[in-house]
Amino acid sequence: MTGISAQAVQLLRERTGLGLMQCKKALTETDGDIEKAIEQLRKQGAAVAAKRIDKEAKEGSVLVGANAQGAAIVEVNCETDFVAASDDFTGFVSKILNVILEKRPSNNEALSALSLDGGTVKDVTEAVMAKVGEKINVRRFAFEPVGTGEIAQSYSHMNGKIGVVVKLGYEGQLKNREGLESLAKDLCMQVAASSPIAIEAGDVPASVLEKEREIYREVTLKEGKTGEIVDKIVEGKVTKFFKESCLVNQVFIKDSKLSVEKLLANTAKELGLGSIKILSFHRMQLGQ
C-alpha cells in the first residue's frame, strides 16, 4: 500500500460504495489509478456504484432557464454551502444564466469576455469573489437553441443540485403546445432521475461499449461459463445496458409499463403530430 493515500482510498470508497480493504487492494494493484481500480473491481464482479463525481466535492449551484430562443443550464461552483446559499452568490448565478440565454456564448472564454454590469463577466466574477472571500468558478454551461418544429424545456431538481435541459423536435402542426411542454418536462424529470448517457443505442460511444463488453466478458468467464454461452450472456448484458443507459430505451418513471420510446409515440398520436423525437439533452449535477 506504499504511496496510496488515505484520500485516494476514501474517494474510491465514495465512488464505489465498497469496503476499505477492498479499495486499498484495488488501488495498490493499479498503482493508485482510481479509474483503473474501478475497472478492475468491476471485472472482478464487485457491485460497483461507480458514481460520476469529481475528485473534490464542490459546493455551488446548477441553474436552468429558458426564453423564446432556447434553454440554458449552468453550473457555478464555490467553496462552502454557506456562500452557495448567500444572496451575493445566487444573484451572480442568475446573472450568468441570463447572459448565456441572451448572448449564447460558445465556450467559457467567450462567456468571460461578455459585458455585464458595466464590465465583463470576468470582472464581475472577481468582484463577487472578493466580496464573499471564496473562489467562484463558472464551471460549465450549455445552451440549446430552438428552431421551427422544436421546443426546449428546463428542469431543476434537489434545490439546484441537478439541472436538466431537453430539446424535442416534432413533425406536424402543433395545436397543443401545453401538451408537448408537459411531455418535455416529464422527460427532463426522467433524465434527472435515471441519468442516461445517450439518447439511443447508436449514440453510445464505441469506446464505452467496447469497455462494457470487455468487463461483461471477464465477469462471465470468472463465473465459469465457456463457449458460445459466453457471447450470449455478454450480448444479453449489453441489451440490459442499453435499456438502462439510453433514454429512449428506459422505462418511463411515471409508468413502468411504458418505455420512453413508446411514450413519445403515444404522445405524438394524442397531440395529432406525425412524430416526436428527442433531439438532445443535458444533465448537470453539482460537482459531477
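Once you place label points 7 Å from the Cα toward the Cβ at T226 and T90, how far apart are they in nm?
6.5 nm
What residue among E200, E150, E210 shows peak mean-square fluctuation when the chain is described by a Gaussian network model with Cα springs under 10 Å?
E210
Please tell me which of these pairs span more than 20 angstrom C-alpha to C-alpha: K167/K277; K167/K240; K43/K225; K36/K211; K211/K243; K175/K269?
K167/K240
Is region 124-235 best put as rounded, prolate or oblate by its Cα gyration tensor, with a ≥ b ≥ c the root eigenvalues, rounded for a/c under 1.5, and otherwise prolate when a/b is larger than b/c, oblate when not?
oblate
Would any residue of region 141-163 have its amide N under 17 Å from a label point 7 Å out along Cα→Cβ of K175? List them or say none.
Nothing falls inside the zone, counting backbone N under 17 Å.
Would you mind working out the magnitude of the charge dipole of the chain relative to its Cα centre, with +1 at each Lys and Arg C-beta and -1 at each Asp and Glu C-beta, to the nearest 20 Debye?
660 debye
Could you pull out the pairs from K131/K161; K237/K262; K161/K262; K185/K237; K25/K135 whose alpha carbons sit more than 26 Å apart here?
K161/K262; K185/K237; K25/K135
Answer with one residue from V146, G133, T120: the one whose Cα lies farthest towards the positive end of the charge dipole of region 97-164, charges on Cβ with Lys, Arg +1 and Asp, Glu -1.
G133
Checking the a/c ratio against 1.5 first, then a/b against b/c, what shape does the Cα gyration tensor give for region 135-186?
Since a/c reaches 1.5 but b/c is at least a/b, the shape of region 135-186 is classed as oblate.
About the Cα centre of region 104-175, how large is the charge dipole given +1 on each Lys and Arg Cβ and -1 on each Asp and Glu Cβ? Please answer in debye to the nearest 20.
It works out to roughly 220 debye.
Using a 1.4 angstrom probe, figure out how much accessible area region 70-210 has per residue, in square angstrom, rounded to the nearest whole.
49 Å²
In vacuo Debye scattering of region 12-143, one point per C-alpha: log10 I(q)/I(0) at q = 0.12, 0.14, 0.18, 0.20 Å⁻¹?
-0.62, -0.73, -0.89, -0.99
Set the Förster distance to 45 Å, then compute FRET efficiency between A68 and S5 from the Cβ-Cβ distance, nearest 0.05.
Working from the Cβ atoms, E equals 0.30.
Just to verify a number: FRET efficiency for V238 and E261, C-beta to C-beta distance, R0 = 22 Å, to 0.05?
With R0 = 22 Å, the Cβ-Cβ based efficiency is 0.80.
For region 75-142, rounded, prolate or oblate, judged on the Cα gyration tensor with a ≥ b ≥ c (square roots of eigenvalues), a/c < 1.5 rounded, else prolate if a/b > b/c?
Cα axes put region 75-142 in the prolate bin.
How much accessible area does R177 have with a 1.4 Å probe, in Å² rounded to the nearest 10?
Surface open to solvent at R177 totals about 120 Å².
The values are calculated or read from the model by the stated rules, or taken from the named source; none is laboratory data. Remember, predicted model here, so these are calculated numbers, not experimental data. Heads up, the Cβs are rebuilt from the backbone with ideal geometry, glycines too, and the neighbour counts pull from every protein chain shown. These area figures cover heavy atoms from the full protein model, side chains too; ligands, DNA and RNA do not enter into them. Shrake-Rupley method; radii C 1.70, N 1.55, O 1.52, S 1.80 Å.
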